[in-house]
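Presented below is the structure to which this report refers.
The values are calculated or read from the model by the stated rules, or taken from the named source; none is laboratory data. The shown structure was predicted, so the numbers you read here are calculated from the model rather than taken from an experiment. Here the Cβ positions follow ideal geometry from the backbone for every residue, glycine too, while neighbour counts run over all protein chains shown.
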Amino acid sequence: MNQSTELQAGDVGEEEMPSLDTALQTVVGWQGVRCVLPPDWNVAGFSMERESGYLRIDAPSDSSLTVQIRWTDAGAPDVKTPYHVLAKRVRKLLRRPEPKQAQIDLKANLDKFLKEIAKQSKKSKEKLDAHSKPERVEREDGKRRSINFSWSGAGKGQGKIWHCQVCNRVLVAQVVGMGKDQNAIAAIASRLFQSLEDHTEDGFDLWALYDLQVGIPDGFRLESQKLLSGYLHLAFQRGAERIVVDRWGLANITLKKFTVAEWFANHAQVNLRSLQKREETLANGHNITRFSGKLSVLSRLVAIRQARFSLRGVPTRFEGGVWHCPESNKIYSVQIWRQTRAEKIWEEVLSRCVCH
């Protein structure tokens, strides 16, 4: 079942695309998909699954504009069976290549998508008027085929569908609004299509929403999340290894009662008393209180249970840290349960964590 969470056509010429200063923009990253939009846009809906999912990002205030992104794994079977799961694992074990996929029919995928929009328009007693450009190959390596499209009916939309040969995803992205938003839709679509990507290039997925940005190794999968006004929590898993990122708001109030280290001790998912504690300085100048050491047998068993008794990648080491960001008035923490050989993962994640 596709778990999801709701929180309260024409081509765009390359020469018309504005430069993107990410310091003045909204950066969004989710399940390997990432993009840059104007300031104050917010993630309003998302799915937990990586293979097939969606992302919705809404404009600020009372604007009717919204960005909708949907993706599917082109290589995934329509119906999963034990055979498909086992065959994939056997190929990986024997280091056999995946079978060559048939050419993806982008036009058929687009027609199916537009039929869904037509049904919505029909409910509003509006006739759908859709237009699409010819399919084209993008990028120097020719790894992406795309079709730009636009439509009007119960509102207006401008979008693009593409197939990426690198990650084998079929992605549909569109900017939707009302009839009066036609110029704004085109402007936002320009920004969206310039920055939109469907996979990582450096092996680290960008997870970015609200004012949190962190890079997580792409072998980890999102296991749980809490997205509240004063608290953000993302937990990732790779076998029994885990990465947990937390962000608390209103740090000025919290730090009247607790030190940063005391606050972390109350929220850490391990007993910190047996771990080595030291003070360090992050690249951005913030002081971080860091804890590290061997995991107890009990902590290892807990990690296995949390991984649904998977014995793959049983962690033996813990590294965690907490810091205060005065610029954003937030407290951030990162906790990592890792194998001994994954010794660089702490520095790699910390270097990709942006707090202001």
Residues in region 278-293 that are outside any loop (DSSP other than H, G, I, E, B) and either surrounded by 14 or more Cβ atoms within 10 Å (Cβ to Cβ) or not assigned by TED's automatic domain parsing to the domain that holds PHE236 (or both) total 6
Expected single match for at pLDDT below 95, small (Gly, Ala, Ser) and out of contact with any Gly (no Cβ under 6 Å at 6 or more places or on another chain) among GLY239, GLY219, GLY230, GLY215 is GLY219
When HIS356 is run through (1) part of a loop (DSSP other than H, G, I, E, B); (2) assigned by TED's automatic domain parsing to the domain that holds HIS267, the failure sits at (2)
Selection from region 300-347 of residues surrounded by 17 or more Cβ atoms within 10 Å (Cβ to Cβ) and within 14 Å of ILE216 (Cβ to Cβ) yields VAL334, GLN335, ILE336, TRP337, ARG338, ALA342, ILE345, TRP346
All-but-one check, VAL297 against (1) surrounded by fewer than 19 Cβ atoms within 10 Å (Cβ to Cβ); (2) at pLDDT 95 or above, failing number (2)
Of the residues in region 143-202 that are of a type in the set (Ser, Thr, Tyr) and more than 19 Å from LEU110 (Cβ to Cβ), the one that is farthest from the chain's Cα centre (by Cα) is SER190
Filtering strands (runs of 3 or more DSSP E) wholly in region 122-205 for at least 3 residues that are among the hydroxyl-bearing types (Ser, Thr, Tyr) and farther than 17 Å from ASP58 by Cα gives 144-153
Subset of region 317-356, residues at pLDDT below 95, in contact with a strand residue (DSSP E or B) (Cβ under 6 Å, 6 or more places away or on another chain) and small (Gly, Ala, Ser), comes to none
